[in-house]
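Any read-out appearing in this document is the output of simple, stated calculations on the displayed coordinates, not a laboratory observation. On a predicted model such as this, the values are computed, not experimentally measured, just so you know. Here the Cβ positions follow ideal geometry from the backbone for every residue, glycine too, while neighbour counts run over all protein chains shown.
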Amino acid sequence: MIRLYPQGVYLVNGTTIIEDGPDAASQIRQQTGKDADKALCAKETMAYGILTRHNTSGNDEKLKIKFDAMASHDITYVGIVQTARASGLEQFPLPYVLTNCHNSLCAVGGTINEDDHLFGLSCAQKYGGIYVPAHQAVIHQYMREMMSGVGKMILGSDSHTRYGALGTMAIGEGGPELVKQLLNKTYDIDRPQVIAVYLTGKPAPFVGPQDVALAIIGAVFENGYVKNKVMEFVGDGIQNLTVDYRNGIDVMTTETTCLSSVWATDEKVKDWYTIHGRPEDYAAQAPGDVAYYDGMVYVNLSQIKPMIAMPFHPSNVYTIDELNQNLMEILADVEEKGAKQLDSDKITFRLRDKVQNGRLMVEQGVIAGCAGGTYENICDARDILKHKDIGSGAFALSVYPSSQPVFLELVKNGAIADLMVAGATVRSAFCGPCFGAGDVPANNSLSIRHSTRNFPNREGSKITNGQIASVALMDARSIAATAANHGRLTSAEEMDFTLSRPAYFFQKDVYDNRCYFGYGKPQPETQLQFGPNITDWPAMSALTDDLLLKTVSVILDPVTTTDELIPSGETSSFRSNPLGLAEFTLSRKDPAYVGRAKEVQKAEKARLAGEDAAGVLPELTAVYGALEQAFPSFDKKATGIGSTIYAIKPGDGSAREQAASCQKVLGGWANVAKEYATKRYRSNLINWGMLPFLLDGELPFANGDYLYVPNVRKAVSDRAKEIPAYVVKDGAVTPFTLKMGDLTDDERQIILDGCLINFYRH
């Protein structure tokens, strides 16, 4: 079904795969009559060409990228604009789309969400942006429909910023990276490796894009095969996929931890752009005659079966047939792994009690968002459910079309009516089900969703309140099949149906009549609309010469998600209030974290005020005494005091910068990790002035221990790879070594200045 090549490969004429090795040159010569140079062939990938055209550095390996357009939603754009304003923003220098698809509902927090929306509209007017009101479209569907283009690059403050199937390289990053673009700065990265994803064969009618995506994620996530690399989709199988189908696979590449994705284009993509009124944005795009890739994921689409990703990660995959055939054994394993991941004495995670008459029963189905709510997914679900019903029991089905134009066509072709008659409820475009702000299941329920993620509590339950629900990811077709069987987990392969595949017609008037298009037309006289919850960032200090860090949380899970660092869902109404939002930091993983961090922060505030920090945090007296004895030159008045957390592999998932900024506003100065799950989380740490320390080997300290890092400012300035540090505990000072990893000149200066805002102010 899927094969991972253990080394690099050459792709000749887009079809012939030659593994790198001693015989590769002669094989290429036989195929082409020419000699092939690996370095030159690496420049024949689509990704290389797109990145090079957007690079401003003049250095092919050290890239400084300027994007063609950007996008944010209403969880992120307030903080981005506020940061940019504090850093000198005058107008948006590139098309910047502000969508309102996350905080769309205004039932929680009073006026807060709609206040943010009015702020966004006033920003689009003042600085020359594009504003998409609530319920018009989810962010990624709008960008597909209106802003994509073959060979373009788009940056978004959402991790699922992926438009590769449309020939566009798109990257999801934390908000500060968008701020840099707004200030005419660049996105600085080393040239990424490129992995070919070779598609061949044709999927069965009962197999959908989520099935293909989950199969790929299961093959590459745990081994890091594509981590921080570009996935480049090629192969004869692409022609057997519609563009909607390709989009559905592409958006899920985020869950592999790759940097970005891009696909070869064809006549189907050309037709897609024509249907959307933008034929000029199409171009033929393919790798060169002989292209070298750093690896290859070989996917036989004909062998893909309906898949399910069990809680609590998109990589925890099985075929639905495999699950049904080994139900109790697999559920027991999922329960065991889930209990370790949840690590709570307040709940008991159980799935085996959902088995009735040998079949797994689920309570909820959701088809939604940028992954599930596409036109074809919903049409195919309708074809499976037509003339059937979802029953009057516990099972419920919700369907969210991804945009108003998609919704309109589904109304016109009768799909919405058929789904409603079957018992499904149909909602407007909204990302809530993807992050716990909509369709939160009942306690102990299992929801099957064609959405993007199934991390712990991602669906909205709260372990700290004794609640547990869970999500399994599936394709819309198998969700519809399960709905037709009233919640009995069912593969679409078991159903007898015919796909109608009605033609799609895009009606741009839907956007023209409601959205604000102000790019290139800023109105500087516009007054920004500030609601009572929109606050400025608190002042942040520059890095001191020496640093004393208290460890206030130690997380030993194999992977820590962004949702665990700062929850989504219930926090969404506080996104514009840095201090209010920070109260939720680690609330689902370590509820005591905020209190511990605040105690350390009080000591630093006392130090900055010229007072004795030990007066507000008495335990510092012993720590200072040990350091004065070990280091005669130790100066407690000049040593910054902050907090830090340790996690084995933090930052998987969302691009939300708040995972780092919330730690910062609570006095955090660093993270210590074995590795960082994604580039974007490490970038968020750096942009908020936090040291992204790395630690090899066994953990030499425990929660509550102090870490002394002398000469840290000099180490950052001097590009030190290793930094001497010390654990201060029970009067002893024990040395160990921290590492930093590569930093650009700007990244080092941002850390020295204390955050990106300070960097630009200077």
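Per-structure values
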| quantity | calculated |
| --- | --- |
| Sites matching GluC sites (Glu not before Pro) across the range 697-762 that sit in DSSP coil, with at most 12 neighbouring C-beta atoms within 10 Å | GLU698 |
| ASN711 versus LYS202: modelled label distance in nm, points set 7 Å from Cα along the beta carbon direction | 6.8 nm |
| Using a Förster distance of 45 Å, the FRET efficiency for LYS739-ASN443 (Cβ separation, nearest 0.05) | 0.55 |
| Additional length obtainable on full extension of the chain from GLN325 to LYS62, 0.36 nm per residue less Cα span | 89.6 nm |
| Packing rank of 63-75, 577-589, where each peptide gets the mean count of other beta carbons within 10 Å, highest leading | 63-75, 577-589 |
| Additional length obtainable on full extension of the chain from ARG719 to ARG514, 0.36 nm per residue less Cα span | 68.7 nm |
| Euclidean distance of C-alpha centroids, the range 642-702 and the range 371-420, integer Å | 41 Å |
| Mean Cα-pair separation over length for the chain, i.e. relative contact order, pairs under 8 Å, 6 or more apart, % | 14 percent |
| Label-to-label distance, nm, for residues given as LYS412 and ILE17 (7 Å Cα→Cβ offset) | 4.1 nm |
| Among 525-537, 595-607, 440-452, the order from most to least packed when residues are scored by Cβ within 10 Å on average | 440-452, 595-607, 525-537 |
| For the range 546-761: rounded, prolate or oblate by the Cα gyration tensor [a/c cutoff 1.5] | rounded |
| Pairwise FRET efficiency - GLN356 versus ALA503, Cβ, R0 = 41 Å, nearest 0.05 | 0.50 |
| Calculated FRET value between HIS387 and ALA283, using beta carbons and R₀ = 51 Å, to 0.05 | 0.70 |
| Potential extension, ILE2-ASP612 segment - 0.36 nm per residue separation minus Cα distance | 213.4 nm |
| ASP271 paired with ALA339, simple spin-label distance in nm, labels 7 Å along Cα-to-beta-carbon | 5.3 nm |
| Listed peptides 727-737, 388-398, 456-466 by packing density, highest first (mean Cβ within 10 Å) | 456-466, 388-398, 727-737 |
| Long pairs among LYS229/LYS664; LYS346/LYS462; LYS589/LYS649, criterion Cα-Cα beyond 21 Å | LYS229/LYS664 |
| Cβ-defined net charge surrounding LEU410, 14 Å radius [Lys, Arg +1; Asp, Glu -1] | -1 |
| Exceeding the 20 Å Cα-Cα cut-off - candidates LYS674/LYS729; LYS43/LYS180; LYS602/LYS636 | LYS674/LYS729; LYS43/LYS180 |
